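J.: This is the structure I want to talk about, given as structure tokens.
The values are calculated or read from the model by the stated rules, or taken from the named source; none is laboratory data. Model, not experiment: these values are computed from the prediction. For neighbour counting, all protein chains shown are included, and Cβ atoms are generated from backbone atoms with ideal geometry for every residue, glycine included. SASA here: full protein model, heavy atoms, side chains in, ligands and nucleic acids out. Shrake-Rupley method; radii C 1.70, N 1.55, O 1.52, S 1.80 Å.
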Amino acid sequence: MTTYTSHSRLLRSLQWQDDDYSGCIYEALGHLVENNRENFRILIQKDKIKKWIKNHDKVTYRKLYEDATFVPVFKPQKILPKEAVNIALKDAENFIASGNNLSAVDRVHTAMHGYFQALCDENGLKYVSDDGLTKLYKIIREEAIDSKNQTSAEGIKKILNSLSACVDSLNTLRNQASMAHPNNELLGEAEAALVVNTASTILHYLEAKLG
């Protein structure tokens, strides 16, 4: 096996700053991780590597070192047929990890819209393609939760009723106060975080009940 103290190109590329240096690095890293995955953990704890990641990719730095409690907005238990949902969730995760909740609002709205449609498809609920969040939530609530006696406690019913108003507000705020359009007034970061967290709560609940 080739050792990296005598790699045919790696050290030469470093010394002469050749164009193929990054390719040599990827090759070396691939072998290191393939041989022993513990090598990756050791590698990312090196001070120079931590500093480089911090300077070049703050999202990754936060995930690796700063915020062990970082939780994505929402991860469906199975891969959804609607790829737009998966892409939107990934975009939202990256925005949130970088402290940009405002930009995450539109992505979360897109993910929620697609996920509501996916829930309707999986549970045989009829809707039309241009139904918005508010209408889709009403269909899911009335035909998949209420009609099947999924809830009995009055307190839970009141919360679900309140969430109907929340869904409607999420729709309005996305259109009138987010980066989805060139709006004159935008949500503050705290308010944007509230929108994202509210959407996350609704998604997690519906996943647990119907996903």
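J.: Of the residues in segment 169-185, how many are surrounded by fewer than 16 Cβ atoms within 10 Å (Cβ to Cβ) and either touching a residue at least 40 places away in the same chain (Cβ under 8 Å) or under 11 Å from His109 (Cβ atoms) (or both)?
T.: Counting residues in segment 169-185 that are surrounded by fewer than 16 Cβ atoms within 10 Å (Cβ to Cβ) and either touching a residue at least 40 places away in the same chain (Cβ under 8 Å) or under 11 Å from His109 (Cβ atoms) (or both) gives 2.
J.: Kindly provide the set of residues from segment 99-118 that are of a type in the set (Ser, Thr, Tyr) and either crowded, with 22+ Cβ neighbours inside 10 Å or without any contact (Cβ under 8 Å) to a residue 24 or more places away in the chain (or both), ordered by number.
T.: Hit for segment 99-118 is Tyr115, nothing else.
J.: Go over the candidates Asp18, Asp57 one by one and state the one that is open to solvent by less than 80 Å² (accessible area, probe 1.4 Å), modelled with pLDDT of 75 or more and of a type in the set (Asp, Glu).
T.: Checking each option against the conditions leaves just Asp57.
J.: A further question follows. For the subset of segment 170-201 comprising residues that are of a type in the set (Gly, Ala, Ser) and outside any helix (DSSP H, G or I), which member is farthest from Leu89 (Cα to Cα)?
T.: If we take residues in segment 170-201 being of a type in the set (Gly, Ala, Ser) and outside any helix (DSSP H, G or I), then Gly188 is farthest from Leu89 (Cα to Cα).
J.: Please work out if Phe95 is under 17 Å from Ser169 (Cβ atoms) and aromatic (Phe, Trp, Tyr).
T.: No: the conditions fail for Phe95.
J.: Does segment 191-207 hold any residues that are in contact (Cβ under 8 Å) with a residue 12 or more places away in the chain and hydrophobic (A, V, I, L, M, F, W, C), and which are they?
T.: Of everything in segment 191-207, those that are in contact (Cβ under 8 Å) with a residue 12 or more places away in the chain and hydrophobic (A, V, I, L, M, F, W, C) turn out to be Ala192, Ala193, Val195, Val196, Ala199, Ile202, Leu203, Leu206.
J.: From the list Ile87, Ile96, pick out the single residue that is surrounded by fewer than 15 Cβ atoms within 10 Å (Cβ to Cβ) and part of a helix (DSSP H, G or I).
T.: Ile87
J.: Another question, if that's okay. I'm checking my understanding of the structure. Among residues of segment 126-141 that are part of a helix (DSSP H, G or I) and open to solvent by 90 Å² or more (accessible area, probe 1.4 Å), which one is farthest from Lys158 (Cα to Cα)?
T.: So, considering only residues that are part of a helix (DSSP H, G or I) and open to solvent by 90 Å² or more (accessible area, probe 1.4 Å), the one farthest from Lys158 (Cα to Cα) is Lys135.
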